[in-house]
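These notes are about the structure you will find just below.
The values are calculated or read from the model by the stated rules, or taken from the named source; none is laboratory data. Predicted model only: the values in this text are computed from it and were never measured. Note: ideal-geometry Cβ built from the backbone for every residue, glycine included; neighbour counts use all protein chains shown.
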Amino acid sequence: MKIELSNTIKNIPENVFYPIFKLISEESSSGKPLLNAGIGVPDSDTPELLLKELEIAIRKPENMRYGAFDGKITLLNEISQWLKEKYNIDANPKDEIALVFGTKSGLSSIPSVLLNPNDTVLLPVPSYPDYIQGIALAQAKYEEIELKQENNYLVDYSDIPEKLVKDAKLIFLNYPSNPIGAVATKEFYKETVTWAKEHNIVVLQDHAYSDFYYKDGYSPAFMQTIGAKDVGIEFFSFSKNFSISGLRIGFAVGNKEIIRGLKEYNTIFHANIYGAIQDTVVTALKNHNLLTEHIKETYSKRIDKITSKLDELGYSYFKPDGGIFIWLKVKDGYDSQSFFELLLKKYRIVTMPGHVFGYGGENYIRLSLSLSDEQIDILIEKLESLNNDLNNR
Ligand SMILES: Cc1ncc(COP(=O)(O)O)c(C=O)c1O
């Protein structure tokens, strides 16, 4: 019997990372070691405090049974308190916060929660590629909005064609951004609320890298903005901030109607998030400052060390104010794929070619900052020899 998959599944674009991972795995099986500067999670170990909490929590009988669909009230209360203390956001734990099985799952669900087939989403690019699959699952379509360096990669609302603004139902934002490392300002978020209200467009802000912010203070949250709850929601992830990407947990906060829809959608596919994971992230939030205080200094030092070498070697790049990547312009005569392959095959450096992040990435690669001091030294040596080879051509 011939089994046919649904058109929905057939029409979901292939994960753009697959062909890249395939090339990397072919190269890695060839023997010579690779320096992995392509990685999208921080290199620090999971804090011992969280491992200990998880060990205790897996022994609790209640965590081996079905739990409340919406999550433990202890965790929802803790999130609400943390949002108030850190960001001065008022969020009712009952109906303004939804737990998700990693923000990837929440971000992919929102189009199905809010959109009908053929509805339009505005997708500022270059952006995290996984947004696209959720849009395809909802049988909606997206229009790319080019983010420009001259605007610090913030969306320029006045530059979006009128027809797109008229058609759009939803816009994705991501600050601090992957792959660029751009950060939002409070003024930008104010402007976003005004624009969204005027045009009736829901805003989804992805704050997965919330603790990776290298200016003074902390990365502004969209939900801090007056009126933000009227127009959208914001996702926070535990994955990067606490080095627990394998546990799969995050949350959304904001507009009640959207949160209600997201919770309903979650209950179709999942029961509760494993209780031991929920207990672990309660401990993470209670100790948030202690567990994340190293980030700013560690990553700022890495950025300074790498970018001062890049300056010396004549590269153009965007110096990130947030996130865990450097957005690096390729050398003349290359595009993102050919430069990525040159680095991979000849210099044994894994990066990500910019084209996988959408329009605007064709002449860039994404370099990860998830590298130890020793690895940065190796990276610098390799970039130097690449420069010498290109100069001697
Ligand atoms: C911008 C962005 N959003 C969301 C995610 C997904 O994070 P999570 O582990 O919470 O699913 C990632 C992961 O790389 C990301 O880069």
With criteria (1) within 21 Å of residue 128 (Cα to Cα); (2) at pLDDT 90 or above, residue 50 comes up short on (1)
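So if I check each of 170, 164, 147, which one is within 15 Å of the ligand (Cβ to nearest atom) and more than 15 Å from the chain's Cα centre (by Cα)?
Values: 170 fails: within 15 Å of the ligand (Cβ to nearest atom); 164 fails: within 15 Å of the ligand (Cβ to nearest atom).
Residue meeting the stated conditions: 147.
Please find, among 163, 94, the residue that is surrounded by fewer than 18 Cβ atoms within 10 Å (Cβ to Cβ) and in contact (Cβ under 8 Å) with a residue 12 or more places away in the chain.
Details: 163 fails: in contact (Cβ under 8 Å) with a residue 12 or more places away in the chain.
When all the criteria are applied, what remains is 94.
Of all residues in the range 214-242, which are of a type outside the set (D, E, K, R) and touching an Asp or Glu at 6+ places or on another chain (Cβ under 7 Å)? I'd like the intermediate steps shown before the answer.
Going residue by residue through the range 214-242, those that are of a type outside the set (D, E, K, R) are 214, 217-228, 231-233, 235-239, 241-242.
If the condition is that a residue be of a type outside the set (D, E, K, R) and touching an Asp or Glu at 6+ places or on another chain (Cβ under 7 Å), then 214, 221, 222, 223, 235, 241 are the ones that fit.
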Just one listed residue, out of 336, 316, 368, 308, is touching a helix residue (DSSP H, G or I) at 6+ places or on another chain (Cβ under 8 Å) and modelled with pLDDT of 95 or more, and it is 336
*Considering every residue within the range 305-312, establish whether at least one is under 20 Å from residue 83 (Cβ atoms), in contact (Cβ under 8 Å) with a residue 40 or more places away in the chain and not aliphatic (A, V, I, L, M).*
no
Residue 3 vs (1) closer than 22 Å to residue 103 by Cβ; (2) without any contact (Cβ under 8 Å) to a residue 40 or more places away in the chain: all pass except (1)
The lone condition residue 130 fails out of (1) within 16 Å of the ligand (Cβ to nearest atom); (2) at pLDDT 95 or above is (2)
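When the range 173-191 is examined, which residues are found to be hydroxyl-bearing (Ser, Thr, Tyr) and either in contact with a helix residue (DSSP H, G or I) (Cβ under 7 Å, 6 or more places away or on another chain) or within 11 Å of the ligand (Cβ to nearest atom) (or both)? Steps first, answer last, please.
Pass one, the range 173-191, residues hydroxyl-bearing (Ser, Thr, Tyr): 175, 177, 185, 189.
Correct list: 175, 177, 189.
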Reported set for the range 197-247 where residues are more than 11 Å from the ligand (Cβ to nearest atom), of a type in the set (S, T, N, Q), within 23 Å of residue 113 (Cβ to Cβ) and surrounded by fewer than 24 Cβ atoms within 10 Å (Cβ to Cβ) is 200
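Are any of the residues in the range 289-301 of a type in the set (Phe, Trp, Tyr) and out of contact with any helix residue (DSSP H, G or I) (no Cβ under 7 Å at 6 or more places or on another chain)? Talk me through it step by step, then tell me what you get.
Step one: of the range 289-301, the residues of a type in the set (Phe, Trp, Tyr) are 299.
The next check asks that each one be out of contact with any helix residue (DSSP H, G or I) (no Cβ under 7 Å at 6 or more places or on another chain); those that pass are 299.
There is at least one residue in the range 289-301 that is of a type in the set (Phe, Trp, Tyr) and out of contact with any helix residue (DSSP H, G or I) (no Cβ under 7 Å at 6 or more places or on another chain).
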Whether any residue in the range 240-247 is farther than 18 Å from residue 274 by Cα, touching a strand residue (DSSP E or B) at 6+ places or on another chain (Cβ under 9 Å) and among the charged types (D, E, K, R) is what I want to check. no
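Looking for whichever is touching a residue at least 12 places away in the same chain (Cβ under 8 Å), buried (at least 18 other Cβ atoms within 10 Å of the Cβ), within 23 Å of residue 100 (Cα to Cα) and not assigned by the TED database to the domain that holds residue 355 here; the options are 180, 135. Which one fits? Explain how you work it out, then say what you get.
Details: 180 fails: within 23 Å of residue 100 (Cα to Cα).
When all the criteria are applied, what remains is 135.
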